[in-house]
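Shown next, in structure tokens, is the structure this report addresses.
The values are calculated or read from the model by the stated rules, or taken from the named source; none is laboratory data. Please read these numbers as outputs of a predicted model, since none were measured by experiment. No Cβ is skipped: glycine too gets one built from the backbone with ideal geometry, and neighbour counts run over all protein chains shown. To get the accessible areas, we keep the full protein, side chains included, count just its heavy atoms, and leave off ligands, DNA and RNA. Shrake-Rupley method; radii C 1.70, N 1.55, O 1.52, S 1.80 Å.
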Amino acid sequence: MSKLILSLDGGGIRGAASIQFLRKVEAQLQRNHQTSLRDCVDLYAGTSTGAVIALALATTQLSVEQINNLYNAQTAKKIFTPNKGWFEFDGINAPKYEGQNKQQVLKHHFAGARLANARKNDSHILVVTFGVEYHRPKIFKTSDETHHQFASYIIADASTAAPTYFPSVAVPNLETGHQQWLIDGGVVANNPAMCAIAESRRLWTKTPLEDVRLISIGTGKRTRKINGPATQEWGALQWMRQGQIVDVLSDEQLVAYQASSIMSDGKYLRINAQMREQPGLPYPPDDAMDDISQTNIDKLKQLGNFWFEEYGQAVVAMLLDTYSGPSLDAIDPHTGKPRPIR
């Protein structure tokens with residue numbers, strides 16, 4: 001029996017584009033096919049802001065419209081509350097933002113949801129974080145029953161703890177009984193698609209990979225140019241301030257290439273685009289993960305609309321297991337159309 005994976009990248013406030021796209025998909029599923037996104041997805045995978053969306057879909061009763069509404073300027077200002085401690089400078093010697101308000105917002109909206117809730121809907125979820133003490137990824141997943149009782153908001157809080165932006169998050173280690181300190185999984189897998197493919201081999205041992213469909217949604221590709229010659233002289237401070245080292249380390253394109261190479265033809269859709277002016281997107285959003293201005297959030301929503309115009313019918317068909325076209329990659333900025341994968 002065919003299975004479907006929905007994979008969601010990290011990217012901070014840029015997740016507004018991802019959930020806007022899914023809102024449009026959900027509306028068409030309900031209007032034209034009397035079904036919903038949740039009826040079609042077997043495995044959700046998410047990192048950072050993608051983990052927030054994946055956990056909300058898999059473990060809460062929030063509608064796609066309600067999840068979309070979380071990505072607004074008022075809520076974003078609560079999450080991205082500047083850290084104003086004495087002698088603490090803008091992510092240099094302390095996190096740029098406080099962590100308390102982020103956790104409170106997540107706790108309020110996720111309420112009592114736990115990872116086990118995903119199994120009530122006959123689906124699975126996988127969320128990527130990273131353990132700083134032992135330098136290794138920590139993946140929370142419903143295929144491990146010891147993870148079922150973790151509160152969704154705690155896992156979302158850990159997966160969104162981007163280094164230099166937010167403080168690390170303490171989560172109980174059920175093996176040792178001690179706390180484990182976790183940060184944003186984007187430092188190892190900002191695009192969790194390969195983690196999801198690997199998990200699918202564990203979950204569905206009798207389902208060949210040829211019968212697995214993967215919809216992988218990005219948060220936009222950064223296009224700011226880094227001064228190459230200048231980097232020869234850079235140390236840690238310059239890489240952090242000018243080189244945006246966190247974004248360099250969390251680039252999604254390698255995983256996108258791996259996933260497109262592994263998945264069978266016609267079984268993979270990669271929804272993404274460069275955040276630059278192109279046909280169909282005359283006013284691109286800022287590529288910063290923390291530009292929470294109303295103007296930029298509106299542009300991110302427009303990016304999601306642009307994606308729906310270009311990928312919407314293919315994604316709806318793949319969700320319904322009726323898609324017969326080629327696998328699709330990110331949008332070519334010269335044409336404004338997705339690149340077929342040959």
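Taking a Cβ cut-off of under 15 Å around residue 209, the surrounding Lys, Arg, Asp and Glu residues balance to a net charge of +1, with basic ones at +1 and acidic ones at -1.
Surface composition of the chain: carbon and sulfur make up 50 percent of the accessible area, probe 1.4 Å. Distances over 15 Å make up what percent of all Cα-Cα pairs in segment 33-82? Above the 15 Å cut-off, segment 33-82 has 54 percent of its Cα pairs.
Taken per residue, the accessible surface of the chain reaches 46 Å², heavy atoms only and a 1.4 Å probe. Pairs over the 25 Å Cα-Cα cut-off, from the set 3/301; 3/299; 102/301; 96/337: 3/301; 3/299; 96/337. Taking every Cα-Cα distance in the chain and sorting them into 10 Å bins from zero, the calculated P(r) comes out as 6, 27, 37, 23, 7, 1 percent. Look at the dipole of the chain built from charges on Cβ: of 293, 67, 328, the Cα furthest out on the positive end belongs to 67. For residue 84, the aspartates and glutamates whose Cα comes closer than 12 Å to its Cα, not counting residues fewer than 8 places off in the same chain, are 98.
Excluding residue 263 itself, calculate the net charge of residues whose Cβ lies under 13 Å from the Cβ of residue 263, where each Lys or Arg counts +1 and each Asp or Glu counts -1.
Result for the local shell: +1.
The orientation-averaged projection of the convex hull spanning the C-alpha atoms of segment 1-65 amounts to 4.4 square nanometres. A Cβ-based charge dipole, computed about the Cα centre of segment 45-200 with Lys and Arg at +1 and Asp and Glu at -1, lands at about 280 debye.
Dipole check for the chain: with +1 at the C-beta of Lys and Arg, -1 at the C-beta of Asp and Glu, and the Cα centre as origin, the magnitude is about 300 Debye.
For segment 90-136, applying the loop criterion from DSSP together with a ceiling of 11 other beta carbons within 10 Å to the chymotrypsin sites (Phe, Trp or Tyr not before Pro) yields 134.
Counting only Cβ charges, +1 for Lys and Arg and -1 for Asp and Glu, the dipole size of segment 118-199 around its Cα centre is about 60 debye.
Model label points for residue 61 and residue 294, set 7 angstrom from Cα along the Cα-to-Cβ axis, are 3.3 nm apart. Positive-end ranking of 169, 186, 204 along the dipole of segment 84-205, with charges on Cβ about the Cα centre, is headed by 204. Put simply, the C-alpha atoms of segment 120-197 give a gyration tensor, and the ellipsoid matching it has half-axes of 19, 16, 11 Å, longest first.
The trypsin sites (Lys or Arg not before Pro) of segment 1-56 include none that meets both criteria, a DSSP state outside H, G, I, E and B (loop) and at most 11 other C-beta atoms within 10 angstrom of the site's C-beta.
Report note on the peptides 190-203, 292-305: ranked by the mean count of other C-beta atoms within 10 Å, highest first, their order is 190-203, 292-305.
Short-range pairs are left out: with C-alpha atoms under 8 Å and at least six residues apart, the relative contact order of the chain is 23 percent.
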